[in-house]
1. Please give the direction-averaged projected area of the C-alpha convex hull for region 1-75, in square nanometres with one decimal.
2. I want to check the label-to-label distance for residue 11 and residue 69. Put each point 7 Å from Cα in the C-beta direction and report it in nm to one decimal.
3. To the nearest 20 debye, what charge dipole does region 65-125 have about its Cα centre, counting +1 at the Cβ of each Lys and Arg and -1 at the Cβ of each Asp and Glu?
4. Relative contact order for the chain: what percent, with Cα pairs under 8 Å and sequence separation of 6 or more?
5. Say the dipole of the chain comes from +1 at the beta carbon of Lys and Arg and -1 at that of Asp and Glu; which of 107, 83, 19 then lies farthest toward its positive end?
6. Given R₀ = 41 Å, what would the calculated FRET efficiency be for residue 34 paired with residue 83, taking r from the Cβ atoms and rounding to 0.05?
7. Expressed as a whole percent, how much of the Cα-Cα distance distribution for region 14-125 exceeds 23 Å?
8. Please list, ordered by chain and number, the residues whose modelled amide H lies under 5 Å from the amide H of residue 33; skip anything fewer than 5 residues away on the same chain.
Amino acid sequence: MTYYQEQSPVSTGLKGRCPRCGEGHLFDGFLSVKPKCSACGLDFAFADSGDGPAVFVILLAGFLICGAALVVEVKYTPPFWVHALIFGPMVLIVCLGLLRPMKGLMIALQYRNNAREGRLDSRDA
């Protein structure tokens, strides 16, 4: 049996690495998770981040971009097309730039905390 040094879920998740060994890649493409780690063989079947990463990215990007848009509006009062020209691409860049690292972080935290799908207790009452 091989023992692996415990990896930081933050560093492995944000880099898109295997949460167990920190060597293999977690993703196969932009957001699709590989079936298993190429380095240690960890089965990634447990990895189900759901909508969590998207929710956190939306909240963070909304806070940053709406705040920036409000500052620009109050300080410079530009026409609407300037807002669209500046903040339209910024929304795409921030959201797509944060989505993969957040999904990796959620999967790494799921592995670290041994989080599984909820099950009902089948014991007799």
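1. Numbers: hull surface 26.3 nm².
Over every viewing direction, the Cα hull of region 1-75 projects on average to 6.6 nm².
2. In this crude label model, residue 11 to residue 69 measures out at 3.8 nm.
3. That gives a dipole near 220 debye.
4. 35
5. 19
6. Efficiency, rounded to the nearest 0.05: 0.55.
7. Values: 2896 of 6216 pairs.
For region 14-125, the fraction of Cα-Cα distances above 23 Å is 47 percent.
8. 28
Read-outs throughout are calculated quantities, based only on the coordinates presented, and are distinct from any laboratory measurement. Note that the structure is a prediction, hence the values are computed from the model and not measured. Because the Cβ atoms are built from the backbone with ideal geometry, glycine has one as well, and the counts that use them run over all protein chains shown.
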